[in-house]
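The block underneath contains the structure these notes are about, expressed in structure tokens.
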Amino acid sequence: MARERRKARNGRVIKNTMDKTVVVAVEWRRRHLLYKKSIRRVTKFYVHDGQNLCRIGDLVHIEETRPISRLKRWRVER
């Protein structure tokens, strides 16, 4: 059986004040259907950082995982 692929994203750490948790902003662009202008969207993810290594401004690779808490469903991949 093939192993199921997990979602992965690249983003920037915008908050690290919580213990073992960081907030990562993932930016994505989409073209407006009518005006054809590129629209920038930002999605925030609560990400598990078990060793508290991430600092504000770091570029990180995150991967989907099982639910860790009420909001955390992602973890930092090294």
Which whole-number percent gives the relative contact order of the chain, counting Cα pairs below 8 Å spaced six or more residues apart? 32
Note down the relative contact order for the stretch 1-43 as a percent, whole number, built from C-alpha pairs under 8 angstrom at least six residues apart. 27
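With charges set only on the Cβ (+1 for Lys and Arg, -1 for Asp and Glu), what does the dipole of the stretch 21-78 come to about its Cα centre, in debye to the nearest 20?
Taking the Cα centre of the stretch 21-78 as origin, the dipole is about 460 debye.
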Among 11, 32, 68, the residue whose Cα sits farthest towards the positive end of the charge dipole of the chain (+1 at Cβ of Lys and Arg, -1 at Cβ of Asp and Glu, taken about the Cα centre) is 32
Once you have the Kirkwood Rh of the chain from its Cα pairs, apply Stokes-Einstein at 10 °C and 1.306 mPa s and quote D in µm²/s. 117
Over 24 Å (Cα to Cα) among 20/44; 7/44; 15/37; 15/36 -> 15/37; 15/36
With all protein chains present, the stretch 10-63 has a carbon and sulfur share of its accessible area (1.4 Å probe) in percent of 51
For the stretch 28-45, Karplus-derived ³J(HN,Hα) couplings (6.51, -1.76, 1.60; θ = phi - 60°; whole Hz; x for glycine and proline) come out as 9, 10, 9, 7, 5, 5, 8, 8, 6, 8, 6, 10, 9, 10, 10, 10, 9, 10
Accessible area of the chain divided out per residue, in Å², using a probe of 1.4 angstrom: 83
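The values are calculated or read from the model by the stated rules, or taken from the named source; none is laboratory data. A quick note: this is a predicted structure, and the numbers were derived from the prediction, not measured. Every residue, glycine among them, receives a Cβ derived from its backbone with ideal geometry; neighbour counts consider all protein chains shown. Remember, those area values only see protein heavy atoms, side chains included, never the ligands or the DNA or RNA. Shrake-Rupley method; radii C 1.70, N 1.55, O 1.52, S 1.80 Å.
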